[in-house]
Structures are given as C-alpha cells and as structure tokens.
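To start, the structure under review is shown below, and the notes come after it.
The values are calculated or read from the model by the stated rules, or taken from the named source; none is laboratory data. Note that the structure is a prediction, hence the values are computed from the model and not measured. Heads up, the Cβs are rebuilt from the backbone with ideal geometry, glycines too, and the neighbour counts pull from every protein chain shown. Quick note on the areas: whole protein, heavy atoms, side chains included, nothing else; ligands and nucleic acids left out. Shrake-Rupley method; radii C 1.70, N 1.55, O 1.52, S 1.80 Å.
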Amino acid sequence: MSIQDKPFTIAGVTFNSRLILGTGKYPSHDIMKRCHESSGTEMVTVAVRRLDLKATGEASLMNWIDRNRLRLLPNTALCYTAEDAVRTCRLAEELGMSKWVKLEVLGDEKTLYPDVEETVKAARILVKEGFTVLPYTSDDPITARKLEDAGCAAVMPLGAPIGSGLGIRNPHNIRLILETVKVPVIVDAGVGTASDAAIAMELGVEAVLMNTAIAGAQDPVRMAVAMKKAVEAGRDAYLSGRIPRKAYGSASSPLEGLVDP
C-alpha cells in the first residue's frame with residue numbers, strides 16, 4: 001500500500017518547497033540570492049549574531065532577502081547557553097525579523113554538536129513567550145520527544161556535524177525519531193551533495209535544511225538546482241514505497257507459465 005502524502009505544514013503554515021536554506025558562507029550576496037531563487041526555497045535562516053546591523057543598502061545581507069517570498073528564520077548560531085539563545089531570539093523579534101526561530105545551542109566548538117539540555121531549557125522559555133521554535137538537535141529520539149513536549153513546532157536532528165558534508169550518518173536514528181514524534185522532522189546539518197538530500201527525504205522526513213553544501217560548492221547556483229531536484233525525487237521515492245532488500249537476486253521476468261522446449 002502506498003504512503004499517503006501530506007502537506008509540509010509548520011504551525012499552521014504550509015510550504016510548497018521542502019528545502020530550507022541558509023544565508024552564510026556564499027561567495028557574494030548576489031550568488032546567495034540566485035541560489036534562493038533557483039532552489040525554490042520558501043524559508044531561509046539568518047544568523048542573528050553574525051548580522052552587521054550597521055550595514056546599509058547592498059552591503060546589508062537583509063537587503064538581498066526577498067521578504068515577500070521568503071519566510072525568515074533567525075537562528076541562534078554561536079550561542080552556547082540557553083540564556084544567550086533566548087536573548088538572541090528576543091533581539092531578532094525587536095529587529096522585526098520574525099517570531100519563528102531556529103534554536104541552536106552548541107555544546108562544543110570543535111564538533112558543533114548541540115547541548116541538548118540547554119536546548120530543551122531554551123525551548124521551554126521561548127515557547128512560553130510565543131515563539132515558533134524549530135530546534136537543531138542530536139539524532140536522539142528521547143531528546144526529540146522532550147522538545148516536542150516543550151511545544152516546539154518541529155524537531156531538526158543533525159544528519160552529521162554542521163558543515164561536515166558527511167551525509168546521513170545514522171539513518172536508523174532518524175527513523176526512530178520519525179516514529180517517536182508527531183511534529184515535522186527536518187534533517188538539519190551534514191548534507192554534502194544531492195544524493196545525501198535524497199537519502200534524507202527517502203527516510204520520510206518532512207524537509208531538509210542546508211547551507212554549506214550549496215554555499216561552498218564550486219557552482220552554488222547549479223548545486224541549488226540539484227538540491228531542489230534531489231529533495232523532490234527523495235520525497236517521491238519515499239511516497240512510492242521502495243522494494244524490500246533481499247539477500248539474493250530475483251528475476252525481473254516471472255518464470256511461472258513457461259513451457260520447456
């Protein structure tokens with residue numbers, strides 16, 4: 001029986017694209033904008049603490065983001081405590097960016113793995129203050145459940161460390177998270193190329209969030225197009241229902257009914 005499709009909806013808002021992009025590390029603001037357009041994305045993240053608030057005109061990152069077409073998702077990159085993350089989200093609201101936030105509380109500068117305790121703590125505070133919280137987290141179903149219980153609108157487990165390009169290192173855990181929570185599951189971090197995005201979508205996640213895989217590619221705009229196609233293909237493959245894996249070969253043509261010469 002085929003799997004029933006359902007819209008990609010977060011906090012009552014439905015998106016046509018299941019690809020979410022970042023805004024950092026691009027060779028130029030112009031290339032970033034072209035990647036956003038080519039990918040078809042409808043939501044982009046912005047690192048609040050990396051914004052140059054004094055920049056104006058074309059020097060300002062925000063000048064290159066089409067707010068009429070793209071939902072802004074300010075993120076708390078570079079935050080290592082719940083207090084810093086909450087403060088950063090409040091700043092984003094004061095700046096008129098959004099009350100939707102990507103919550104990111106890191107626990108280690110080398111691996112950039114999340115501090116799950118601080119993440120859950122920050123999530124509870126932000127949800128109470130009316131923020132729509134999309135948390136970056138480990139690929140741990142227990143933490144995912146705690147974040148859902150805290151009121152998060154989605155959970156975003158890493159596929160691999162941020163910016164590593166290693167792909168989906170633990171697909172089994174992603175499947176466990178999908179079985180554990182009812183909110184949308186979005187793979188965040190670790191995608192390196194189009195096949196990684198397709199694999200993530202084939203697991204049944206709602207969407208994929210990426211930045212470095214596109215921004216750091218030799219041809220970012222072409223990679224943005226490739227990622228768009230990969231996410232769409234991966235979703236279709238998931239909905240189609242793949243054949244089971246078998247230890248031995250199975251003939252494509254049936255043998256029943258054949259008459260020996």
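Give me Rg over Rh for segment 21-127, both radii from the alpha carbons and Rh done the Kirkwood way, two decimal places. If you can, show how the numbers build up before the last one.
Values: Rg = 14.2 Å, Rh = 14.5 Å.
Using Cα coordinates only, the ratio equals 0.98.
What does the charge count near L70 come to, summing +1 for each Lys or Arg and -1 for each Asp or Glu among other residues with Cβ under 12 Å from its Cβ?
Overall, the nearby charge balance is +1.
Relative to the present Cα-Cα distance, how much length would full extension add between E93 and V13 at 0.36 nm per residue of separation?
Stretched fully, the E93-V13 segment lengthens by 26.9 nm.
In terms of solvent-accessible area of protein heavy atoms at a 1.4 angstrom probe, what is the ranking of H172, H36, H29, highest value first?
H172, H29, H36
Please report, in whole Å³, the volume per residue of the convex hull around the C-alpha atoms of segment 29-90. The partial results should precede the final answer.
Numbers: hull volume 5.9 nm³, N = 62.
About 95 Å³ per residue, rounded to a whole number.
How much accessible surface area, in Å² rounded to 10, belongs to the heavy atoms of L91 with a 1.4 Å probe?
70 Å²
Work through the residues other than P141 whose Cβ is under 11 Å from its Cβ and net out their charges, Lys, Arg +1 and Asp, Glu -1.
Around P141, the surrounding residues sum to -1.
Show I174, I162 ordered by accessible area, largest first, where the area counts protein heavy atoms only and the probe is 1.4 Å. Mind dumping the intermediate values first?
Working: I174 0, I162 55 Å².
Result of the area sort, largest leading: I162, I174.
Heads up, I need the accessible area for K228: 1.4 angstrom probe, whole protein in place, Å², nearest 10.
Roughly 80 Å² of K228 is accessible to a 1.4 Å probe.
Lysine pairs, Cα distance under 18 Å, 8 or more residues apart or cross-chain: how many in the chain?
12
Would you mind working out the magnitude of the charge dipole of the chain relative to its Cα centre, with +1 at each Lys and Arg C-beta and -1 at each Asp and Glu C-beta, to the nearest 20 Debye?
I would put it at about 300 debye.
I'd like the accessible area for F8: 1.4 Å probe, protein heavy atoms, all chains in place, Å² to the nearest 10.
0 Å²
Search the structure for amide H atoms under 5 Å from the amide H of M43, placed 1.01 Å from N in the peptide plane, and list their residues when 5 or more places away or on another chain.
L21, R71
GluC sites (Glu not before Pro), restricted to segment 112-186: which are DSSP loop and have at most 16 other Cβ atoms within 10 Å?
Working: sites: E117, E118, E129, E148, E179; in loops: E129.
Answer by residue number: E129.
Please build a GNM for the chain, connecting alpha carbons under 10 Å apart, and tell me which residue among T193, T137, T180 fluctuates the most.
Residue with maximal mean-square fluctuation among T193, T137, T180: T180.
So in the chain, what percent of DSSP beta bridges are antiparallel if you round to the nearest 5?
In the chain, approximately 15 percent of DSSP beta bridges are antiparallel ones.
Using label points projected 7 Å from each Cα along Cα→Cβ, tell me how many nm separate T111 and L78, to one decimal.
2.4 nm
Write down the accessible area per residue of the chain in Å², having rolled a 1.4 Å probe over the full set of protein chains. Display every interim value, and only then the final one.
Working: 13490 Å² over 261 residues.
About 52 Å² of surface per residue is accessible.
Say the dipole of the chain comes from +1 at the beta carbon of Lys and Arg and -1 at that of Asp and Glu; which of T81, V116, S17 then lies farthest toward its positive end?
S17
If you compute semi-axes √(5λ) of the Cα gyration tensor in Å for the structure shown, which of (i) 35, 22, 16; (ii) 27, 20, 19; (iii) 47, 16, 15 do you land on?
It is the one labelled (i).
Placing +1 at every Lys and Arg Cβ and -1 at every Asp and Glu Cβ, with all other atoms neutral, what dipole size does segment 6-116 have around its Cα centre, in debye to the nearest 20?
320 debye
How would R87, R235, R222 line up by accessible area, probe 1.4 Å, largest first?
Details: R87 135, R235 20, R222 175 Å².
Final ranking, largest accessible area leading: R222, R87, R235.
Quick one, can you get me the convex hull of the C-alpha atoms of segment 68-151 expressed as volume per residue in Å³?
Enclosed volume per residue, from the Cα hull, is 96 Å³.
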